[in-house]
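The values are calculated or read from the model by the stated rules, or taken from the named source; none is laboratory data. Since this is a predicted model, take the numbers as computed values, not measurements. All Cβ positions, even for glycine, are placed from backbone atoms using ideal geometry, and neighbour counts span all protein chains on display. Just the protein is used for accessible areas: all its heavy atoms, side chains included, with ligands, DNA and RNA removed. Shrake-Rupley method; radii C 1.70, N 1.55, O 1.52, S 1.80 Å.
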Amino acid sequence: ILGEHLRICPQGYTCCTSEMEENFANKSQSEFEAMMKEAGRSVQATLTAQHRSFDSYFQDLLNKSEKALYDAFPGMYGELYTQNVKVFKDLYSELRRYYRSSNINLEEALNEFWTRLLERLFKLLNPQYLITDEYLDCMVKHAEQHKPFGEVPRDLKVKATRAFIAARSYAQGFLVGSDVVKKVSQVSLSHECTRAIMKLMYCPHCRGMSSVRPCNNYCLNVVKGCLANQADLNTEWKYLMDSLIGVADRIDGPYNVDTVIGTIHMRIAEAISNLQENKDSVTSKVFQGCGNPKISTKGSSSEDKKRRGKVTLEAKSSAQALEMLVLDAKGNLTALKTYWITLPSSLCSKKVMASSASDDKCWNGMTKGSYLPQVMGDGLANQINNPEVEVDITKPDMTIRQQIMQLKIMTNRLGNANIGNDVDFQDTSDDMSGSGSGDSCPDDVCGKRLSKSPSTRQPETNAIPKQSGHGINGASSRSLPSASLLLLLSVAVIAAQHLWR
């Protein structure tokens, strides 16, 4: 029949009614959106699997270290361990919370552990004295400068923070990448794109050419026009993949999580041994600084409180498993780098089944023949002259722009992790937004955590993270004198007036 009633397909002789054309349009839209989601699900599955593999490996490292401590310490230290079980449990609990991206400060958690352990061990190693909480405050202040645990606390803090920062940023990076793909895959097609997809996929049917495949370059122009906003993800997406690869190299290299995380229990044992060996020296120096405590009336035998016998602690290395994990991840991440700009050609070749580029007997949008227009570039800005899809390059898709920002934020975090800098994370249940500057710990969070038990005290020698403008009870020492403040305001006003002129 004559095709004057057709609104999308060429109006020559046709075998389609208006209703058939409308049905084909709806069918082509749903099929194309399904293709997009299927391609996205494949990428999501890859990233989620990488996250699951690393997360399982890392959690297993922590679990094995904690179990080794619980198995060996009772026999090694007797009451030195049994009366301090909660201190060790709390440490591993804090380490897990940090890895799961809770907004806590890892250095503070480690400092708190050593402080609490020192307080308790000092009392147990000196049972003949009556040691009060006030005396412990003084003891911590004086003992820390004498390094009662040797170099272990400092060394472990440096290595563990780097390993944990890298590990949690790495794990989070996979989840963010997967979430971006999921959200972008759900973006609906524009009205103009729906028409172009229909013309590409089903208009040949209306011309009695159902076996004729679309010309490849024609398909590319349609899909590049429809996925112009998605292609703009390419730059930040590639940066994210490269950043994950960089952190993967750190995890299996300088910040080796197998060596650091898998030996935490051994470092703690080393630290306790140092304290036991230096007990007399440390006690003497504490007494010099804080005075001699009163003699306890209870009396106590210290035999069971000392080490009962040397037990060899071993760390079962899983370095080969880590190496395989990293190699597999790097291979997948490298393959995914160009996902967004290769998606059009992937859809055209695998899904739409376009013909070869040189075919001159393909569907070109009007009839069977060759397709002459050149293929457009990638991204929104390159679609201004797209012959197949009318694209408004002045109106970028807001959902996709938001996802580009999420990629930037995550890449920034990974960049910080790559050089060992801490980053602020929200809980994974929250929407990822905002990025941290490095190593700050909000007063309300740290304050609540540090005050969770009356016996928790913060030693004066703790390495407090740098705060920028977060003074407690007003940072009077940082405030400018009023005269200087007025001078600065005057300069600012003059500068503003100059700019306006």
Criterion violated by Ala269 - all others in (1) open to solvent by less than 30 Å² (accessible area, probe 1.4 Å); (2) part of a loop (DSSP other than H, G, I, E, B) satisfied: (2)
From the set of residues in the range 241-266 that are open to solvent by less than 50 Å² (accessible area, probe 1.4 Å) and not in a helix (DSSP H, G or I), which is farthest from Val85 (Cα to Cα)? Gly253
Can you name the residue in the range 1-14 that is open to solvent by less than 40 Å² (accessible area, probe 1.4 Å) and among the hydrophobic types (A, V, I, L, M, F, W, C) and is also nearest to Arg195 (Cα to Cα) among such residues? Ile8
Can we say Lys337 is at pLDDT 95 or above, more than 30 Å from Asn126 (Cα to Cα), out of contact with any Ser or Thr (no Cβ under 7 Å at 6 or more places or on another chain) and not hydroxyl-bearing (Ser, Thr, Tyr)? yes
Check off (1) modelled with pLDDT under 95; (2) out of contact with any Ser or Thr (no Cβ under 8 Å at 6 or more places or on another chain); (3) of a type outside the set (Asp, Glu); (4) crowded, with 16+ Cβ neighbours inside 10 Å for Val423 and give me the number that stays unchecked. (2)
Can you report the number of residues in the range 186-213 which are open to solvent by 10 Å² or more (accessible area, probe 1.4 Å) and at negative phi? 19
Residue match in the range 107-122 (condition: assigned to a loop (DSSP other than H, G, I, E, B), open to solvent by 40 Å² or more (accessible area, probe 1.4 Å) and closer than 28 Å to Cys290 by Cβ): no
Cross-chain or 6+ apart pairs with Cβ under 8 Å, the range 375-400 first and open to solvent by 80 Å² or more (accessible area, probe 1.4 Å), then β-branched (Val, Ile, Thr) and assigned to a loop (DSSP other than H, G, I, E, B): Ile384/Val391; Ile384/Ile393
Which one is farthest from Arg195 (Cα to Cα) among residues in the range 15-33 that are open to solvent by 10 Å² or more (accessible area, probe 1.4 Å) and in a loop (DSSP other than H, G, I, E, B)? Cys15
Lone qualifier among Gly415, Gly365, Gly377 - being part of a loop (DSSP other than H, G, I, E, B) and either within 19 Å of Gln44 (Cβ to Cβ) or touching a helix residue (DSSP H, G or I) at 6+ places or on another chain (Cβ under 7 Å) (or both): Gly365
If you take the residues in the range 194-213 that are among the basic types (Lys, Arg) and in a loop (DSSP other than H, G, I, E, B), which one is farthest from the chain's Cα centre (by Cα)? Arg207
Taking the range 79-103 and keeping residues open to solvent by 10 Å² or more (accessible area, probe 1.4 Å) and β-branched (Val, Ile, Thr) leaves Thr82, Val85
Restricting attention to the range 214-239, report how many residues are surrounded by 20 or more Cβ atoms within 10 Å (Cβ to Cβ) and either more than 10 Å from Ile404 (Cβ to Cβ) or free of Cβ contacts under 8 Å to residues at least 24 places away in the same chain (or both). 17
Yes/no for Arg52 being charged (D, E, K, R), in contact with a helix residue (DSSP H, G or I) (Cβ under 8 Å, 6 or more places away or on another chain) and loosely packed, with under 15 Cβ neighbours inside 10 Å: no
Only one of these conditions is not met by Gly365: (1) touching a Pro at 6+ places or on another chain (Cβ under 9 Å); (2) of a type outside the set (A, V, I, L, M); (3) on the phi < 0 side of the Ramachandran plot. Which number is it? (3)
